[in-house]
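Here the structure comes first, spelled out in structure tokens, and everything after it is commentary.
The values are calculated or read from the model by the stated rules, or taken from the named source; none is laboratory data. These numbers come from a predicted model, not from an experiment. Here the Cβ positions follow ideal geometry from the backbone for every residue, glycine too, while neighbour counts run over all protein chains shown. Remember, those area values only see protein heavy atoms, side chains included, never the ligands or the DNA or RNA. Shrake-Rupley method; radii C 1.70, N 1.55, O 1.52, S 1.80 Å.
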Amino acid sequence: GMTSGKWYAEFSGLTTAASWMTGISTAAANLNATLYTDANAWLYSASSGDVKSAGSTVQTNATWTSSDVIGIIFDATAGTLQWYKNNVAQGSALTGLTSGPYFFTCGYASTVTAWTAAFNFGQRPFTYTPPSGYSALNTYNLPAPSILIGAAHMAATTYTGTGASQTVANTVNSSNFQPDLVWMKGRSGATDHAWYDSVRGTTKDIASNTNAAETTETTGLTAFGSTGFTIGALAKINTSAATYIGWQWKGSGTTVSNTNGSITSTVCVNTTAGFSIVGYTGTGANATVGHGLGVAPSMMIVKDRAAGNWCVYHASQGATMRGVLNLTNAFDAQPTIWNNTAPTSTVFSIGVSSAVNDTSMIAYCFAPIAGYSAFGSYVANNSTDGPFVYLGFRPRWVLFKDVAAADWEILDTSRSPYNAVTAELRPDNATAETNPTSIDYLSNGFKLRVSAADPNNSTHTYIYAAFAEFPFKNSLAR
């Protein structure tokens, strides 16, 4: 989708008819014969020359036929849109189109048995030279991403247990890093999850499938190394011949004191990748906590190091709603969790609930980085031709959750290296890896290919969190 930049495309109706219309729309538009009545579309009609949106005429230009070439220029940054007929500008530019992402769109204003058209986005030479400053809508002209290889900041590493101390290397595509968060799960057997981070320190274990307090496991994770992590013989992460996955995120390798909030926090932060680990001591009263990201997080996972549920904030659900990572519960209204206040670029807010405001707390905060991470939602359709979700990158790891009652689900390309991606683990559950779902991971997002209830239960809203293998500009389809 077009969210910034200046873009040019050419449209030609290949069948001889007068009912063509072309322009732009958002993903919310209903692509059918009445597209011109949709408030999410702006279309130039061949038969009348009218530009229509929501059924109203907003501009009248020259009529055109299938022998004409209609150029469309869209400045997604400024929100301006204009058409050309055979290289002659039509009318003045529409303004105020800043609620994207937008997509070049075409349609037909009546029901016909068949019609054909051609869009040129730069995959072949244009008929006319684009106006100065406008580019072809192809990956070559996408902005340069800040993170070229996702594996430099997030890794999904499979390994086999030995029953003895071993080091797991996270080297992928010539990249490796020292992780600050390691999340391990047994694949071949039913085991508790195991989270370790550098703020709490080595051997400090918490499990996302329970509300249990942190434990000290002397044979758990014993070191965060420069290219991975070292584990001892703890059965749930290193039973001989059993198979495991270790999901890892890079922080800064060090901690700093953050005084942005009313509570001073200890923060390990990677602003390049939009990730921070935040340790803090709650007061039991409404408070704010500095997260160090410099931008507002879109997802936060907060755990009381004593017994307590794992509380999840997701921007698509808002600051009144809470998810629970260790349960299948629906997102529910819990105003005492986030104090009815969305996080800012410097702090997140907590209410009086002990779930987020007890003596010893840990929080994992994530902000979207273009081409590397994305946090959003989609509406399911219960079809093998399921929703496509644009991410702006080829995903390595995606977390799904129905906002109604359902399991959390994780699929990654280390465990499913080819489409369809099927190998599922559940953060709220100790069960071994299963294959109940089917999803295609694409060069720029993912598409659901399963009609089973999760993660495609018809009309239900699902949240997701996703991290990249490669940004769209540098990726190929799998």
Would you mind giving the average projected area, over all directions, of the Cα convex hull of the stretch 1-65 in nm² with one decimal? 4.8 nm²
Between residue 86 and residue 144, 0.36 nm times their residue separation minus their Cα-Cα distance comes to what? 17.7 nm
Neighbourhood charge, 15 Å Cβ-Cβ cut-off, centred on residue 67 and excluding it, Lys, Arg +1 and Asp, Glu -1: -1
Karplus (6.51, -1.76, 1.60) ³J(HN,Hα), θ = phi - 60°, over the stretch 451-466, in Hz, Gly and Pro reported as x: 9, 5, 4, 10, x, 9, 6, 3, 6, 6, 8, 10, 8, 9, 10, 9
Computed D for the stretch 112-199, Stokes-Einstein, Kirkwood radius over alpha-carbon pairs, 25 °C, 0.890 mPa s, to the nearest µm² per second, is 132 µm²/s
If R₀ is 60 angstrom, what is the calculated FRET efficiency for the pair residue 262 and residue 451, using the beta carbon separation as r and rounding to 0.05? 0.80
Quick check on the stretch 289-341: take the gyration tensor over C-alpha atoms, sort the square-rooted eigenvalues as a ≥ b ≥ c, and tell me if it's rounded (a/c under 1.5), prolate or oblate. oblate
Using 0.36 nm per residue of separation minus the Cα-Cα distance, give me the extension gain between residue 459 and residue 218 in nm, one decimal. 82.1 nm
Alpha-carbon gyration tensor eigenvalues x 5, square-rooted, for the stretch 115-260, Å: 44, 19, 14
Can you bin every Cα-Cα distance in the stretch 56-146 into 10 Å intervals starting at zero and give me the percent of pairs per bin, rounded to whole numbers? 12, 44, 35, 8, 1
Counting only protein heavy atoms and a 1.4 Å probe, tell me what percentage of the chain's accessible area is made up of carbon and sulfur. 51 percent
Summarise the long-distance tail of P(r) for the stretch 174-254 by giving the % of C-alpha pairs beyond 17 Å. 42 percent
Taking amide H atoms as placed 1.01 Å from N in the peptide plane, list the residues 5 or more away in sequence, or in a different chain, whose amide H sits under 5 Å from that of residue 49. 64
Measure out, as a whole number of angstrom, how far apart the alpha-carbon centroids of the stretch 420-471 and the stretch 204-243 sit. 25 Å
From the P(r) of the stretch 278-414, can you give the percent of Cα pairs sitting at distances over 21 Å? 43 percent
Considering the values (1) 51; (2) 47; (3) 57, which represents percent of Cα pairs over 30 Å apart as calculated for the structure under consideration? (1)
Rounded to the nearest 0.05, what FRET efficiency do residue 165 and residue 241 give with R0 = 22 Å and r taken as the Cβ-Cβ distance? Could you check? 0.85
Efficiency of FRET from Cβ geometry, residue 126 and residue 4, R₀ 22 Å, rounded to 0.05: 0.55
What whole-number volume per residue, in cubic angstrom, does the convex hull of the C-alpha atoms of the stretch 1-123 give? 95 Å³
From the alpha carbon gyration tensor of the stretch 194-237, can you work out the equivalent ellipsoid semi-axes (sqrt of 5 times each eigenvalue) and give them in Å, largest to smallest? 17, 12, 9
Accessible area in square angstrom per residue, the stretch 320-384, 1.4 angstrom probe: 35 Å²
Starting from the eigenvalues of the Cα gyration tensor, five times each then square-rooted, give me the equivalent ellipsoid semi-axes of the stretch 374-452, largest first, whole Å. 18, 15, 13
Does a label point 7 Å from the Cα of residue 383, set along Cα-to-beta-carbon, have any residues of the stretch 449-469 with amide nitrogen under 18 Å, and which are they? 449-462
Rounded to the nearest 20 debye, what is the charge dipole size of the chain about its Cα centre when +1 sits on each Lys and Arg Cβ and -1 on each Asp and Glu Cβ? 600 debye
Over the stretch 1-104, with neighbouring protein chains present, the accessible area per residue in Å² at probe 1.4 Å is 39 Å²
Farthest towards the positive end of the dipole of the stretch 1-157, among 134, 95, 154 and with Cβ unit charges of +1 on Lys and Arg and -1 on Asp and Glu, lies the Cα of 154
Can you give the helix-only mean residue ellipticity at 222 nm for the chain, where every DSSP H stretch with n ≥ 4 adds -39500 (n - 2.57) and the sum goes over all residues, rounded to the nearest 500 deg cm²/dmol? -500 deg cm²/dmol
